[in-house]
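Novice: Sending over a structure as structure tokens; questions will come in a sec.
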Amino acid sequence: MSDLCESKNGESVESTDVQRWSALLAQLSVERLTDRFLDRVLRVPGYDSIPVPGSEIRRTGAASFAALIRGLQQGSESVEGRAERLAIATDVGVSRARAGVPIESLMTAIRLDFSILWGELTSIAEEADAALLVRHTDRVWHIVDSYASQTQSTYMAERQRMQYEASSLRQGYVATLFGEVGPSAEMLGHIAGELQLAENAPLSVAVAIGEDVAALRIVIASTAHRGAEIFTHHLGGGLVAFWPNDDRPGSAIQEAALQIGRLRCGLVGFVPGLARLAESARIARDLASLLTADDGEALTVTRAWARMARLRLGESGLPITADLDAALAHCGAVERARLIEAVQAYLSTGSIASSAEVLFCHRNTLMNRLRRFTEVTGIDVTVPQQAARLVVAWA
């Protein structure tokens, strides 16, 4: 008999608990909660200057408090309640992400819901409700925390979507710079604005091809981690990277430029504005195609002008080495090798004495070989204009 009484008493206590909890929740005013929320949230850094009207903050605040109260009125979590809070969380997360509210500010604002809601409950409760409040603390915290998590997830997803949209838009503008038909002056100015570059600001451009692309991507990614951007574009089987010149010591862009200069790529270190970018990128791509196994750093026009000249002459169909090869073919293999060796040494040093030292021979021997080369080919390497042809031919 006593067990039955205890059971009935237990049921009576539980029933009273539910009734009293429902009575407390019924006294909560969504309007009053929202007013207190607005008063505090507009002082949160990040919310004090956002382009979101106060009416919008009030609307979502009221909706969230109403949904939280309905969730607390349910004995246990329901699919409908969670779906309702998710809809509001999505509304808040997306709108605040688009408004540029920092995630830290957003989460601070949402966690105000708990302190405001709990503060209001304790203010209307009586002393006899102390144990009741303790029993429901976890429930209140769980409801608010799940709403906060939902909002955070939708915010982060929207930020990622925004970044993808911005990246896709920028890539479209970058692709326009490298199109078959160059952009108009008006479009060029628009692109410069979208890329946040001065239209005539000096740039650098590098191109890597084949296996050398991976190293360039690493530098680009490392620079992005430091908050700076190197723009990219795929061009003719190569990866184009370009950036505004920045001579500030220690800046992310300057350090990236130094690193790229040590990579195997083609590099044009000065481009006078966006209008010349595509042309310079094609030069950088040609330089990259001229890299040999002996090259361990970026090829520039200064370093590889002779190779570039040979490439251009070859593309035009001019036989720049045919007569030279034919003339040297009349020499024996040993003599031909010694003549070429002597000429290459002289072209590298510009000095009879230095060339003889490099080849470990007497100066007279070297001079005789240079004279013999002139007799065979008709090219006097001591005359700069004639020597330039050999520099290009043998580049």
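The values are calculated or read from the model by the stated rules, or taken from the named source; none is laboratory data. Every value quoted in this text rests on a predicted model; they were computed, and no experiment measured them. A quick note on method: Cβ atoms are made from the backbone with ideal geometry, for glycine too, and the neighbour counts reach across all protein chains shown.
Novice: If residue 345 meets every condition in (1) buried (at least 18 other Cβ atoms within 10 Å of the Cβ); (2) closer than 30 Å to residue 235 by Cα; (3) among the small types (Gly, Ala, Ser) apart from one, which number is that one?
Specialist: (2)
Novice: Tell me, which residue of the stretch 285-316 that is in contact with a Gly (Cβ under 8 Å, 6 or more places away or on another chain) and in a loop (DSSP other than H, G, I, E, B) is nearest to residue 390 (Cα to Cα)?
Specialist: The residue in question is 290.
Results for (1) under 18 Å from residue 36 (Cβ atoms); (2) among the polar types (S, T, N, Q), shown as yes or no for each residue.
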{"site": "73", "(1), (2)": "no, yes"}
{"site": "104", "(1), (2)": "no, no"}
{"site": "117", "(1), (2)": "yes, no"}
{"site": "121", "(1), (2)": "yes, no"}
{"site": "129", "(1), (2)": "no, no"}
{"site": "139", "(1), (2)": "no, no"}
{"site": "166", "(1), (2)": "no, no"}
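Novice: Tell me, please, whether a residue that is more than 30 Å from residue 258 (Cβ to Cβ), without any contact (Cβ under 8 Å) to a residue 12 or more places away in the chain and of a type in the set (Asp, Glu) can be found in the stretch 287-308.
Specialist: No, there is no match, as no residue in the stretch 287-308 is more than 30 Å from residue 258 (Cβ to Cβ), without any contact (Cβ under 8 Å) to a residue 12 or more places away in the chain and of a type in the set (Asp, Glu).
Let's see how each residue does on (1) in contact (Cβ under 8 Å) with a residue 60 or more places away in the chain; (2) under 51 Å from the mean Cα position of the chain (by Cα); (3) assigned by TED's automatic domain parsing to the domain that holds residue 286; (4) under 24 Å from residue 302 (Cα atoms):
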| position | (1), (2), (3), (4) |
| --- | --- |
| 326 | no, no, no, no |
| 329 | no, no, no, no |
| 339 | no, no, no, no |
| 351 | no, yes, no, yes |
| 364 | no, no, no, no |
| 370 | no, no, no, no |
| 376 | no, no, no, no |
| 382 | no, no, no, yes |
| 385 | no, yes, no, yes |
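Novice: Under 8 Å by Cβ, and 6 or more places apart or on different chains, what pairs join a residue from the stretch 228-242 that is in the same structural domain as residue 260 (by TED's automatic domain parsing) with one that is assigned to a loop (DSSP other than H, G, I, E, B)?
Specialist: Pairs found: 228/251; 231/195; 233/178; 235/178; 240/178; 241/230; 242/230.
Novice: Shifting gears a bit: For the stretch 146-204, how many residues are among the aliphatic types (A, V, I, L, M), exposed (fewer than 13 other Cβ atoms within 10 Å of the Cβ) and at pLDDT below 90?
Specialist: Residues that pass the stated criteria total 3.
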